[in-house]
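Data first, discussion second: the structure below is written as structure tokens.
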Amino acid sequence: MGSNVTETPVAIVNVPQAAGEAPAVSEIPMPPPALWAELDNSAQSSGSAKPSTGAPAAPAAALPAREVEKLAFSRSTATTVPLEFAFDHPELGHIASVIVRRLTVGQVGDILDRRSRTSAPDLYDIYAEMTQLPAPVLRGLEAGDGGRVVEVCWDFLPPVFRPTSTATGQ
């Protein structure tokens, strides 16, 4: 005897577990295929799904600016890295050193707000915030100079941006 009931589609997702544990697999029931065309997941929603009008979704509202106090720290929050291979850039001019600044909590929050929902920001995008040089410029530094700049940036990198493991297992 066969069943006339159509099986409900499910999404299979990995559910994060505690640090060091493999993610668990879970099934989430999906709506019936006949309703898929009516779903619009392109914008943040505050209620139920609305039918698509065919028009592009409006951009999500920008987050309000954080109020951040400018503090006079008792010691410097920056280190200057002299470059062995100074360079001229059409927009930045002559660059003979790179100043690496520690990030404030507000800057960390801004970086987290700009990140993709599916991935962490690229370290060079964070280093760009720390140096006020564009990430492509930092990637274009001579390897020795780049290594010295990255080393200082890494030392100043807030723990929230540090990978949970490194190639050396530390």
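Remarks
- Residue 145 touching a Leu at 6+ places or on another chain (Cβ under 6 Å) and farther than 29 Å from residue 70 by Cβ: yes
- Subset of the stretch 143-155 [open to solvent by less than 70 Å² (accessible area, probe 1.4 Å) and over 17 Å from the mean Cα position of the chain (by Cα)]: 144, 145, 146, 147, 149, 150, 152
- Against the list (1) part of a helix (DSSP H, G or I); (2) modelled with pLDDT of 95 or more; (3) loosely packed, with under 14 Cβ neighbours inside 10 Å, the condition residue 96 fails is (1).
- Residue 85 meets each of the listed conditions (1) loosely packed, with under 11 Cβ neighbours inside 10 Å; (2) at negative phi apart from (1).
- Any hit, the stretch 134-146, residues being touching a residue at least 60 places away in the same chain (Cβ under 8 Å) and not basic (Lys, Arg): yes
- Pairs where the first residue, in the stretch 92-112, is farther than 15 Å from residue 159 by Cα and the second is outside any loop (DSSP other than H, G, I, E, B) and among the aromatic types (Phe, Trp, Tyr), C-beta under 7 Å, 6+ apart: 95/87; 100/156
- Residue count for the stretch 125-137 satisfying the condition of being open to solvent by 30 Å² or more (accessible area, probe 1.4 Å) and in a loop (DSSP other than H, G, I, E, B): 2.
- Count of residues meeting criterion [touching a helix residue (DSSP H, G or I) at 6+ places or on another chain (Cβ under 8 Å) and in a helix (DSSP H, G or I)] in the stretch 138-153: 6
- Of the residues making up the stretch 73-82, those that are loosely packed, with under 15 Cβ neighbours inside 10 Å and either modelled with pLDDT under 85 or part of a strand (DSSP E or B) (or both) are 78, 80, 82.
The values are calculated or read from the model by the stated rules, or taken from the named source; none is laboratory data. Nothing here was measured: the structure is a model prediction, and the numbers come from that model. We place every Cβ from the backbone using ideal geometry, glycine too, and count neighbours over all the protein chains shown. Heads up: the accessible areas ignore ligands, DNA and RNA and are worked out on the full protein's heavy atoms, side chains in. Shrake-Rupley method; radii C 1.70, N 1.55, O 1.52, S 1.80 Å.
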